[in-house]
1. Please enumerate the residues belonging to region 279-336 that are free of Cβ contacts under 8 Å to residues at least 12 places away in the same chain and hydrophobic (A, V, I, L, M, F, W, C).
2. Whether any residue in region 274-281 is at pLDDT 85 or above, out of contact with any Phe, Trp or Tyr (no Cβ under 6 Å at 6 or more places or on another chain), open to solvent by 30 Å² or more (accessible area, probe 1.4 Å) and not in a helix (DSSP H, G or I) is what I want to check.
3. Give me the pairs, please: first residue somewhere in region 31-52 and farther than 30 Å from Cys116 by Cβ, second residue anywhere and modelled with pLDDT under 85 and outside any helix (DSSP H, G or I), beta-carbon distance under 8 Å, and either six or more positions apart or on two chains.
4. Among the residues of region 253-267, is there at least one that is under 22 Å from Tyr17 (Cα atoms) and open to solvent by 20 Å² or more (accessible area, probe 1.4 Å)?
5. Which members of region 210-231 meet the condition of being among the small types (Gly, Ala, Ser) and not in a helix (DSSP H, G or I)?
6. So for region 259-273 (the condition being out of contact with any Phe, Trp or Tyr (no Cβ under 6 Å at 6 or more places or on another chain), at pLDDT 90 or above and over 19 Å from Ile13 (Cβ atoms)), does at least one residue qualify?
7. Quick check on my filter: what residues within region 223-245 are in contact (Cβ under 8 Å) with a residue 60 or more places away in the chain and out of contact with any Phe, Trp or Tyr (no Cβ under 9 Å at 6 or more places or on another chain)?
8. Filter region 141-154 down to the residues that are closer than 15 Å to Asn80 by Cα and buried (at least 17 other Cβ atoms within 10 Å of the Cβ) and list them by number.
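The values are calculated or read from the model by the stated rules, or taken from the named source; none is laboratory data. Because the structure is a prediction, the values reported are computed rather than measured. Quick reminder, even Gly has a Cβ in these numbers, built from the backbone with ideal geometry, and neighbours come from all protein chains shown. Heavy atoms of the whole protein, side chains included, go into the accessibility calculation; ligands, DNA and RNA do not. Shrake-Rupley method; radii C 1.70, N 1.55, O 1.52, S 1.80 Å.
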Amino acid sequence: MTENYDHYISRHIRRVYCRRLIPPVFYLIFLMFLWLVLPLYDILFPQQLTSFEHLDTYNRQNSSYVETTLTDLYFTGYTNVSLGRTTGYYYYTLPQQKDSKSNTGKKEDSSFNPQCIIVLLSPSTCEEGLPAIESVHIRGKVLEGKANPSFQALLDNLSADLDWTKNGISEKVSSCFISEPDFGFFPSMVLMALYFATGGYALVHILLDILYLRFPVFVPACRRLSRFGRPKELLAQAETELATLPQLATEDMFITEHYFIVLANYGAAVIPIQEIVWIYKHSTLHKFLWYHFSISYTLHVTANKHLYFQCPKNMKSDIDGIIDYLAEANHDILVGFNEKNRQKVHGPFSYPPQFERFISFLKKRIGLRK
């Protein structure tokens with residue numbers, strides 16, 4: 001059965017980028033799931049805490065991250081220590097009682113009982129234990145005191161200092177407290193930076209893949225043709241030659257009258273044969289412990305305008321056939337890896353391929369300045 005090579009390059013590119021769309025799409029779905037499950041929005045935009053009347057309601061909500069301005073804070077004399085390091089300083093404040101009269105002068109009932117609020121401040125915020133703080137703006141987390149051993153220990157010590165009972169001090173102190181260290185500003189910002197950076201990368205990846213699906217000429221393999229002419233015209237010529245009469249075809253490598261074409265899952269390349277200057281193969285021995293189980297061969301292609309491409313994991317017979325045909329089609333191609341061929345292509349000094357264009361650019365700039 002004859003293979004249908006009509007628009008084969010474009011169809012292959014679309015198949016490859018359709019598959020590449022799947023991981024970033026699933027990753028964005030995963031990020032959306034995290035956005036719904038974790039309080040990421042509340043970390044980024046914490047609730048404005050303007051009243052301490054029902055502080056425990058914030059703790060019962062899906063997110064207890066708050067932002068507030070506190071006034072008249074006084075140091076309790078106690079700190080929170082974790083792993084031998086002081087992570088916070090306990091302060092207390094007494095919220096102002098609401099005015100019991102309305103604007104009309106009538107007295108209104110108010111159920112607000114001004115309890116003492118405990119606040120755990122970061123060392124940097126309180127300058128490591130200022131006796132009193134007139135006003136401070138913080139981001140913190142409302143925590144349940146009963147579930148916090150440090151908070152319970154604080155109440156025990158305060159009740160002993162004041163010669164009160166534990167029940168007595170519990171009536172005067174709110175059952176919830178605000179912890180600035182538990183907001184975790186730096187870890188939260190790192191988490192949000194990673195979240196949006198990776199999400200943005202996945203989104204850009206999806207948009208580029210969609211662009212490549214719609215316009216295959218924009219893929220990197222086709223954009224590299226701009227070094228030798230107009231990519232759209234050269235791609236159309238390569239498509240026509242591959243569809244009409246391919247000279248040689250392996251599983252993922254093809255030779256037409258004017259082009260060497262590679263269409264593999266790891267990448268693609270469309271290289272004019274007349275621009276190729278050096279080809280050679282490299283063998284890789286695959287082994288597990290002391291057992292050698294296979295040998296794979298990689299075809300290395302170097303072309304003009306600093307174009308390099310590798311075709312890994314191919315059969316020796318396929319690569320030998322490609323090398324023989326390309327060498328016959330273009331007698332100027334250097335065949336085989338040796339020092340003589342390397343110096344003819346790269347000169348007396350060898351640089352990694354990814355730096356060749358950069359070095360060439362610097363030489364041109366230096367030459368222009370001279």
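1. From region 279-336, those free of Cβ contacts under 8 Å to residues at least 12 places away in the same chain are 285-294, 317, 324, 328, 331; that's our starting set.
Correct list: Leu285, Phe288, Leu289, Trp290, Phe293.
2. yes
3. Tyr41/Ser63
4. Filtering region 253-267 down to residues under 22 Å from Tyr17 (Cα atoms) leaves 253-254, 260-267.
Keeping just the survivors that are open to solvent by 20 Å² or more (accessible area, probe 1.4 Å) gives 265-266.
Yes; the residues of region 253-267 include at least one that is under 22 Å from Tyr17 (Cα atoms) and open to solvent by 20 Å² or more (accessible area, probe 1.4 Å).
5. Gly229
6. No, because not a single residue in region 259-273 is out of contact with any Phe, Trp or Tyr (no Cβ under 6 Å at 6 or more places or on another chain), at pLDDT 90 or above and over 19 Å from Ile13 (Cβ atoms).
7. Arg227, Phe228, Leu235, listed by residue number.
8. Leu143, Gly145, Asn148, Ser150, Phe151, Leu154 - these are the residues of region 141-154 that are closer than 15 Å to Asn80 by Cα and buried (at least 17 other Cβ atoms within 10 Å of the Cβ).
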